[in-house]
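Visitor: Let me give you the structure first, and then I'll get to my questions.
Just so it is clear, none of the values below were taken in a lab; they were calculated from the coordinates. Keep in mind the model is a prediction, meaning the values are calculated, not measured. Note that each Cβ is placed from the backbone with ideal geometry, even for glycine, and that neighbours are counted across all protein chains shown.
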Amino acid sequence: MKIVHNYIGGTISASHSERCAPVYNPALGTPVRQVMLSTADEVRHAIGVAHAAFPAWSQRSPLHRARILFRFKALLEAKRDALARIISEEHGKVFSDAQGEITRGLEVVEFACGIPHLQKGEHSANVGTGVDSHSLMQPLGVCVGITPFNFPAMVPMWMFPIALATGNTFVLKPSEKDPSLALELALLLKKAGLPDGVFNVVNGDKEAVDVLLTDERVQAVSFVGSTPIAEYIYAVASAHGKRCQALGGAKNHCIVMPDADMPMSVSAIMGAAFGAAGERCMALSVVVAIGDDVADSLIDALTTRIGKMRVGPGLMEGPENDMGPVISAQHKAKILDYIAQGQEQGAILCFDGRGVSVPGHEQGFFIGPTLFDRVTPEMSIYQEEIFGPVLCVVRAPDYRTALSLINRHPYGNGAAIFTRDGESARQFAEQVQAGMVGINVPIPVPMAFHSFGGWKRSLFGPLHVHGNDGVRFYTKMKTITSRWPASGRLETHAGQFTMPTM
């Protein structure tokens, strides 16, 4: 069985750890390779290599760094389908969804290619007589990315392209559930001309993560994952003096108003709720229907559409399935437990995704799309992030009740509204307590030149990822105030002991 090792100093680096973990094909329910779980010393070695590579890389011109990223972008485009197959095999998502993930990551690479403009500082002439001020946006040093299983290509590319473009070196710790894609990205960066040591990959679990959070040579940590882990990452990294952005979980809501375009709304909700088997931090997991008529129409339409969904492997010959498996047997068991809790707590199970069996893939980690009606805020399926193909419908009598429901929820990643009314849409955009808002758009993930991030317990740290916030996160500002006396006219002045003014 193939073993997934680390990538350190420009080469595949065999781990000497005595610990490893199986990497499954979720559609088959069987291991396809093993990943080594790095020792603390191996992680420190990777940090040391990145630290040693920083001085030379940070001195390269922004244009030089951008040209390497341009070549990396071209290589990614050429290998998109091969990379998507790796994602589908290890994660389980359908092939077209894996292709889309790579495309969204590529958009951040494209944004980072503009770094000669993005990293320009500011300049003010004559802030005082003969005095000028200007600023520099300088790199930090060794930066770390700790990324989740659900987007093994896109989420790392939210981070390292901007970190590298701004002159930092990088250590990536991908999820041990689908680690192969990270090594492929490392090899493409090398082929694009990235110097050895600038980008490194270490595989591992909490032992590796704790080294990355505490080593004094690491200057910044980016994380995407569940809220409890995000909170831990932020607390430990911050306590050790590191800049940190830790993106946590979500419970994304959408409001469906009585004037909404119902067919469009249903189609949008279906894809947002059940795409990638609901394993997205921006998945739509709660629909708030305004009035019983709207709710009844939604339930009827959703039930009909769900009944026609094809559930099966992400890679197959012939027509593509709508939804693949979830990531692991443990995660499947967790989702099944939530469905049971929903029934026990009084929600109406309109469509039950349990018991799905895919011919030829009986051991796969499959759960069918599941729909609950009359969910209330006290229920665990409403309060907690399920991270699976489970959609909850909550009934509200009016818009203000629905908005209050969303704003009281502890998560604030994304929210959407379906309406034809501009006034309602504008009020919602201004008043909803969420970091990303969709108007007739169910998954409002910003383009790469804007920034991605939630509010409340969906984000720990002041800066979002990619866009201008990403550039700010991976740079530190230095402001220079200068005066150049005319040659030959230097005068001796007595020391001044008061607050300097211009």
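Visitor: Using the basic label-point model (7 angstrom from Cα toward the beta carbon), what is the Ala74 to Thr103 distance in nanometres?
Guide: Between Ala74 and Thr103, the simple spin-label model gives 2.2 nm.
Visitor: For the range 104-157 and the range 338-382, what is the separation of their C-alpha centers, rounded to whole Å?
Guide: When both Cα centres are located, 43 Å separates them.
Visitor: Which of the aspartates and glutamates could a cross-linker bridge to Lys191, judged by Cα under 15 Å and excluding same-chain residues fewer than eight apart?
Guide: Leaving aside aspartates and glutamates fewer than 8 places away in the same chain, those within reach of Lys191 are Glu77.
Visitor: What is the fewest-to-most order of Leu63, Leu405 by other Cβ atoms lying within 10 Å of their Cβ? Display every interim value, and only then the final one.
Guide: Values: Leu63 9, Leu405 18.
Listed from fewest to most nearby Cβ atoms, that is Leu63, Leu405.
Visitor: Now, a different point. If you take every residue apart from Val94 with its C-beta less than 9 Å away from the C-beta of Val94, what net charge results, scoring Lys and Arg +1 and Asp and Glu -1?
Guide: My count for the surroundings of Val94 gives -2.
Visitor: Counting just the Cα atoms, what span does the range 324-400 cover along each of its three principal axes? Round to the nearest Å and put the largest first.
Guide: Extents along the principal axes, in whole Å: 48, 22, 19.
Visitor: Further question: Take every Cα pair under 8 Å in the chain that's 6+ residues apart, average their separations, divide by the length, and report that relative contact order as a whole percent.
Guide: It comes to 18 percent, rounded to a whole number.
Visitor: Can I ask one more? Taking Cα atoms, how many degrees apart are the long axis of helix 40-59 and the longest axis of the chain, rounded to 10 and kept between 0 and 90?
Guide: Roughly 50 degrees, rounded to the nearest 10.
Visitor: Between Ala14 and Lys206, what length comes free when the chain is fully extended (0.36 nm per residue of separation minus the Cα-Cα distance, one decimal in nm)? Please list the in-between numbers first.
Guide: Numbers: separation 192, 0.36 × 192 = 69.12 nm, distance 1.94 nm.
Contour length minus Cα-Cα distance gives 67.2 nm.
Visitor: Below 8 Å between Cα atoms, with a sequence gap of 6+, how large is the relative contact order for the range 211-260 in percent?
Guide: 39 percent.
Visitor: By the scheme Lys and Arg +1, Asp and Glu -1, what is the net charge of all other residues having a beta-carbon under 14 Å from that of Gln245?
Guide: +1
Visitor: Follow-up question, since we're still on this one. Listed here are the pairs Lys73/Lys177; Lys79/Lys308; Lys93/Lys476; which of them are more than 30 Å apart at the Cα?
Guide: Lys79/Lys308; Lys93/Lys476
Visitor: To continue, here is another question. Which whole-Hz couplings ³J(HN,Hα) result when phi for each residue of the range 442-455 is put into the Karplus expression 6.51 cos²θ - 1.76 cosθ + 1.60, θ = phi - 60°, listed in order with x for Gly and Pro?
Guide: Here the 3J(HN,Hα) series is x, 10, x, 6, x, 5, 4, 7, 10, 10, 9, x, x, 10 Hz.
Visitor: Mind pulling the angle between the C-alpha long axis of helix 95-112 and the longest principal axis of the chain? Nearest 10 degrees, somewhere in 0 to 90.
Guide: Compared with the principal axis, the helix lies near 20 degrees.
Visitor: Work through the residues other than Phe449 whose Cβ is under 12 Å from its Cβ and net out their charges, Lys, Arg +1 and Asp, Glu -1.
Guide: Charge balance in the 12 Å sphere: -3.
Visitor: Once the Cα atoms of helix 154-165 and of the chain are each reduced to a long axis, what angle between those two axes, in degrees from 0 to 90 to the nearest 10, is obtained?
Guide: That works out to roughly 10 degrees.
Visitor: Quote the charge dipole size of the range 1-152 about the Cα centre in Debye, to the nearest 20; the model charges only the Cβ of Lys and Arg (+1) and of Asp and Glu (-1). Spell out each step's value before the answer.
Guide: Details: 15 positive and 13 negative charges, 66 e Å.
The dipole magnitude comes to about 320 debye.
Visitor: Over all alpha-carbon pairs in the range 301-359, figure out the percentage whose distance exceeds 17 Å.
Guide: 51
Visitor: Could you check the simple spin-label distance between Val441 and Gln343, using points 7 Å along Cα→Cβ, in nm with one decimal?
Guide: If labels sit at Val441 and Gln343, their model points lie 3.9 nm apart.
Visitor: Given the convex hull over the Cα atoms of the range 205-298, what projected area results after averaging over all orientations, in nm²?
Guide: 7.9
Visitor: Compute the length gained on full extension between His134 and Ile480: take 0.36 nm times their separation in residues and subtract their Cα-Cα distance, giving the result in nm to one decimal.
Guide: 124.0 nm
Visitor: The range 15-91: Rg/Rh from Cα coordinates, Kirkwood Rh?
Guide: 1.11
Visitor: Starting from the alpha-carbon convex hull of the range 33-165, give the projected area averaged over all orientations, in nm².
Guide: The Cα convex hull of the range 33-165, projected and averaged over all directions, gives 10.7 nm².
Visitor: State the three equivalent ellipsoid semi-axes of the chain, derived from the C-alpha gyration tensor as the square roots of 5 times its eigenvalues, in descending order and whole Å.
Guide: Working through the eigenvalues yields semi-axes of 43, 30, 19 Å.
Visitor: Now a separate question. Compute the FRET efficiency between Gln431 and Ser380 as 1/(1 + (r/R0)^6), taking r as their Cβ-Cβ distance and R0 = 35 Å, and round to the nearest 0.05.
Guide: Efficiency computed from Cβ-Cβ geometry: 0.80.
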